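The values are calculated or read from the model by the stated rules, or taken from the named source; none is laboratory data. As the structure is a prediction and not an experimental result, all values here were calculated from the model. In this analysis, Cβ positions are derived from the backbone assuming ideal geometry, glycine residues included, and neighbour counts consider all displayed protein chains. Just so you know, the surface numbers come from the protein's heavy atoms only, side chains and all, with ligands and any DNA or RNA stripped out. Shrake-Rupley method; radii C 1.70, N 1.55, O 1.52, S 1.80 Å.
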Amino acid sequence: MASIFGLILIVAVLGGAGVLYVFSYYGRDLPDYTQLANYDPPTVTRVHAGDGRLLAEYATEKRVYVPIQAIPLRILHAFLSAEDKNFYQHAGIDPLSVARAMVTNLANLGKSRRPVGASTITQQVAKNFLLTNEVSIERKIKEAILALRIEHAFTKERILDLYLNEIYLGFGSYGVAAAALNYFNKSLDELTIAEAAYLAALPKAPNNYHPIRRSEAAIARRNWVIGRMLEDGRISAEDAEAAWATPLEVHQSDPTEIVQADYFVEEVRRELAQVYGDAALYQGGLSVRTTLDPRLQKIAERTLRDGLVAYDRRHGWRGPVTTLDMSDPEGEPGFWREALAGVEPPGGMSPWSLAVVLSLDEAQAAIGLADGREAHIPMAELAWARPWLKGQKVGEKPKQPGDVLAPGDVVMVEPVISADKEKPYEPDAYGLRQIPDINGALVALDPHTGRILAMSGGFSFEQSQFNRATQAYRQPGSAFKPFVYLAGLDSGFTPATIILDAPFVVDQGAGLGKWKPANYTKKFYGPTPMRIGIERSRNLMTVRLAQTIGMEKVVDYAQRFGVIDDMPPLLSMALGAGETTLLRLTTAYAMLVNGGRRIQPTMIDRIQDRLGATVYRHDKRACPDCLPTFWAGQATPELPDEREQVADPGSTYQVVSMLQGVVERGTGRRIRSVGKPLAGKTGTTNNSTDTWFMGFSPDLAVGVFIGFDDPISLGRKETGSSVSAPVFRDFMAGALENHPAVPFRIPEGLRLVRLNVDTGRLARPGDKKVILEAFKPGTVPSGEQLVIDGGYNPLTGEAPSGTSGLY
């Protein structure tokens with residue numbers, strides 16, 4: 001007996017020593033398991049519009065993270081029964097499961113079967129996070145060692161949290177929450193016992209239990225899990241019977257409604273990546289609430305595209321996408337279908353489609369569509385397609401379809417109903433379309449907060465990802481003039497101040513020649529009130545005012561309003577010769593209508609991390625009275641106005657009033673049809689290279705820029721008034737539809753006086769063109785009128801800086 005006991009003792013000692021040796025040998029250089037303490041599984045970052053609708057998702061893995069505290073017990077029970085029923089009893093390794101697996105594997109020797117595992121959930125965490133999927137004894141030993149260490153370092157809840165949010169369950173689903181959505185279109189708390197059991201059946205091999213391709217195996221595995229849950233006492237017999245009887249039905253997740261705002265979303269993505277880095281963007285599970293208003297964005301996209309197409313059609317037809325050989329050697333009808341299917345659609349063509357011209361007669365062009373149908377283009381839909389000529393000119397108006405198209409031409413088309421509402425076309429009528437060569441942008445923002453409500457950076461994001469609202473630096477032209485006039489008003493002048501509109505010549509120095517600015521009309525108008533200068537966009541009056549107050553002051557205002565940084569103090573800059581972006585200029589105009597208070601444009605209201613904690617908020621003002629979770633009759637919280645005052649409120653209102661005159665009587669008259677109080681300014685650069693319309697209502701600032709990406713002339717007589725203003729008008733008509741007319745807010749201290757708009761003098765009985773002009777105290781005109789001629793300042797008697805060479 002003693003010898004047997006001694007033998008057992010020796011074997012035990014040797015076995016223990018062997019285990020210690022194995023643990024010591026394989027325990028060296030293992031991955032650092034403590035990193036799991038701070039591990040957050042990669043989850044989806046979601047970007048939402050201002051109304052909560054989804055704009056975009058960014059992720060390396062489509063995982064939805066759910067804390068273990070929020071995972072229903074039904075899900076936990078299913079996975080524990082299927083994967084590790086002794087999870088809460090073992091220390092990382094389940095000896096009984098290991099013994100059972102050893103017996104099974106010994107019995108399967110020589111049968112070419114994959115070894116059966118006995119991995120606990122903790123071991124699976126060790127494998128998934130720290131090891132590879134290699135099938136070997138060495139890996140299993142390392143897995144066991146790490147499992148023991150993990151159990152020693154972390155709570156059971158933390159281990160389950162890691163497991164259920166990391167595990168891959170097929171259908172592109174990482175984690176149980178994503179799987180519930182992808183398989184059943186349900187949240188975790190909506191899953192039935194049968195559905196929870198099916199998900200718990202997947203960890204070993206999701207493809208082996210595919211619910212459609214391998215439905216029998218999937219149901220068998222699911223039913224096995226249900227049986228384990230019954231055996232473990234986690235469900236009742238009645239629940240098990242009902243679950244077994246339930247068919248396995250997959251319901252794909254509902255298509256997510258995504259608001260289309262490609263340029264805006266890409267700008268948000270760039271900002272997030274720059275501030276937080278790619279790791280946080282694609283793996284951090286951020287929730288980003290943006291400022292975008294989907295209704296306004298839709299209007300912005302539509303009106304900008306319509307405006308670009310309208311300009312493009314005025315300047316002619318540039319020809320088909322390509323031309324197909326319509327001679328069929330085999331004489332088969334419909335042979336064109338295969339040829340058309342091989343044509344690569346141009347980027348940015350959506351929502352139009354490709355078609356090939358089949359034949360022509362005097363009334364229409366017969367076309368074949370990409371879906372195989374045949375249709376026609378009426379002659380009325382070809383009338384615009386004059387041939388494009390160099391210099392944005394056009395040839396003769398077409399008289400028949402053959403003047404525009406030829407058989408085999410592949411063109412872009414769009415379904416149409418009629419050229420006018422009274423006489424519809426025959427069925428299957430299409431209109432001829434072409435992607436504009438020209439491009440542009442539109443920005444709309446809240447002038448009180450800087451929140452960007454809509455942004456379209458071009459005709460098509462698919463065609464060009466270059467954002468012309470934020471990345472294109474272009475000359476603003478006359479759209480810069482309001483800041484020259486604002487500087488003049490802050491210098492003591494008034495909207496009724498008389499400025500000389502007459503020839504102006506500056507000698508620029510040796511070899512540089514003379515600078516001779518001129519009005520667009522090439523005419524001179526003599527002494528004219530300041531208001532007329534901005535309403536009619538008079539260049540000579542603007543230059544004389546800038547010369548009088550000094551370009552240093554104009555430079556200061558350009559910088560204060562964020563239009564141009566480090567602008568050189570040259571007189572040409574007063575006419576918008578510097579370069580800026582549409583977003584910067586729109587923000588500057590917003591600061592005019594908000595009373596001269598600084599705002600910072602923003603696309604993001606708030607960012608929350610994966611746990612819901614706010615990590616960024618655009619509005620940083622403290623509001624302790626905003627904290628109550630319910631209303632109990634308390635007063636509405638009042639937030640302090642912390643915006644910096646960058647200009648005198650009275651002066652900015654005077655500019656707003658003059659810009660309202662631009663719409664009512666000046667270069668922006670076509671905006672009047674909106675029928676709401678609006679103000680704004682056209683902008684056109686030399687040779688009509690850049691066209692702008694910048695403007696606002698009392699609570700919405702909008703900017704429109706249109707021009708070629710490679711700056712060339714838009715053509716004779718094309719200006720901000722003809723190109724950009726119609727886009728502004730149509731946007732405002734849609735944006736303000738069903739909104740009451742709100743007048744511009746007049747700051748305290750101003751006096752409204754009846755004035756003759758043409759003379760700048762107090763109105764007299766019988767005067768026809770009379771307006772209410774705003775004056776600061778002590779500046780109402782009476783008697784003699786001083787004239788600004790570009791020489792001495794009539795208010796101070798000082799000579800302007802840099803007057804050398806002035807004629």
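Of note:
- Residue-span extension gain [residue 417 to residue 359] - 0.36 nm each, minus C-alpha spacing: 18.8 nm
- Each Cα pair under 8 Å and six or more residues apart adds its sequence gap; the mean of these over the residue count of the chain is a relative contact order of 11 percent.
- Environment charge at residue 761 (Cβ cut-off 11 Å; Lys +1, Arg +1, Asp -1, Glu -1): -2
- Put a plus charge on the Cβ of each Lys and Arg, a minus charge on the Cβ of each Asp and Glu, and nothing anywhere else: the dipole of the chain about its Cα centre is then about 1700 debye.
- Per-bin percent of Cα-Cα distances, segment 236-385 [10 Å]: 7, 20, 20, 19, 17, 11, 4, 1, 0
- Segment 380-475: C-alpha gyration tensor shape, a/c 1.5 cut-off, then a/b vs b/c: prolate
- Measuring spread by the Cα atoms of segment 163-203 yields a radius of gyration and Dmax of 8.8, 22 Å.
- Radius of gyration, Dmax [the chain; alpha carbons; angstrom]: 36.9, 136
- Over 22 Å [Cα-Cα, segment 521-600], rounded percent: 30
- Too-long pairs where the Cα-Cα distance tops 19 Å, listed order kept, from 522/717; 717/769; 481/769; 481/681; 393/522: 717/769; 481/769; 393/522
- Amide H contacts under 5 Å for residue 394, placed H, 5+ residues apart: 389
- Peptides 160-166, 569-575, ordered by how many other C-beta atoms sit within 10 Å of their residues on average, highest first, read 160-166, 569-575.
- Simple spin-label estimate for residue 672 and residue 471 in nanometres, 7 Å along Cα-Cβ: 4.1
- Reach of residue 553 by Cα under 14 Å, taken over aspartates and glutamates that are not fewer than 8 positions away in the same chain: 490, 565, 566
- Hydrodynamic radius of segment 587-698 by the Kirkwood approach over all distinct alpha-carbon pairs: 17.6 Å.
- Exposure rank, largest accessible area first [729, 751, 606; 1.4 Å]: 751, 606, 729
- Per-residue extension of 0.36 nm, minus the Cα-Cα distance of residue 275 and residue 70, leaves a gain of 70.8 nm for this segment.
- Shape class for segment 359-419, computed from the alpha carbon gyration tensor (a ≥ b ≥ c): prolate, with a/c not under 1.5 and a/b above b/c.
- HN-Hα J in Hz across segment 368-379 - Karplus 6.51, -1.76, 1.60, θ = phi - 60°, x for Gly and Pro: x, 9, 4, 7, x, 6, 10, 8, 8, 10, x, 4
- With the alpha-carbon atoms of segment 314-395 aligned to their principal axes, the span from lowest to highest coordinate is 44, 32, 24 Å, starting with the largest.
- Local electrostatic count, residue 126, Cβ distance below 9 Å [Lys/Arg +1, Asp/Glu -1]: +2
- Taking every DSSP helix (H) stretch of at least 4 residues in the chain, weighting each as -39,500 (n - 2.57) and dividing the sum by the residue count yields a mean residue ellipticity at 222 nm of -10000 deg cm²/dmol.
- Accessible-area composition of segment 273-395, carbon plus sulfur, in percent [1.4 Å probe]: 52
- Ordering of 293-301, 520-528 by packing [mean C-beta count within 10 Å, highest first]: 293-301, 520-528
- Between residue 426 and residue 51, the C-beta separation translates, for a Förster distance of 60 Å, into a calculated FRET efficiency of about 0.90.
- Cα centroid of segment 301-365 to Cα centroid of segment 660-728, whole Å: 32
- Rounded if a/c under 1.5, otherwise prolate or oblate - segment 461-536, Cα gyration tensor axes: oblate
- Summary of packing: across the peptides 369-378, 774-783, the per-residue average of other C-beta atoms within 10 Å ranks them, highest first, as 369-378, 774-783.
- Gain upon complete extension [residue 370, residue 784; 0.36 nm per residue less C-alpha separation]: 141.6 nm
- Within segment 639-666, backbone nitrogen closer than 19 Å to the virtual label 7 Å beyond the Cα of residue 627 toward Cβ: 639-640
- Angle between the chain longest axis and helix 539-549 axis [Cα atoms, degrees, rounded to 10]: 90
- Distance in nm between pseudo-label sites at residue 619 and residue 508 (7 Å out along the Cβ direction from Cα): 4.9
- Per-q log10 I(q)/I(0), segment 419-558, q = 0.22 Å⁻¹ (Debye; single scatterer per alpha-carbon; no solvent): -1.26
- For segment 506-521, 3J(HN,Hα) per residue [Karplus equation, 6.51 cos²θ - 1.76 cosθ + 1.60, θ = phi - 60°, Hz, x = Gly/Pro]: 10, 7, 7, x, 4, x, 9, x, 9, 8, 10, x, 9, 6, 4, 7
- HN-Hα J in Hz across segment 281-291 - Karplus 6.51, -1.76, 1.60, θ = phi - 60°, x for Gly and Pro: 5, 9, 10, x, x, 6, 10, 10, 9, 8, 8
- FRET efficiency, 1/(1 + (r/R0)^6) with R0 30 Å, evaluated for residue 716 and residue 516 via beta carbons: 0.90
- Amide H contacts of residue 788: 498, 499, 500, each under 5 Å away and 5 or more positions distant or on a separate chain (H built 1.01 Å from N in the peptide plane; Pro and chain starts excluded).
- Annotation: for a label point projected 7 angstrom from Cα along Cα→Cβ of residue 322, residues of segment 337-351 with backbone N closer than 12 Å are 339-346.
- Principal-axis tilt of helix 481-490 within the chain, Cα atoms, nearest 10 degrees: 70
- Tilt relative to the chain, helix 725-735 - C-alpha long axis, 0 to 90 degrees, to 10: 50
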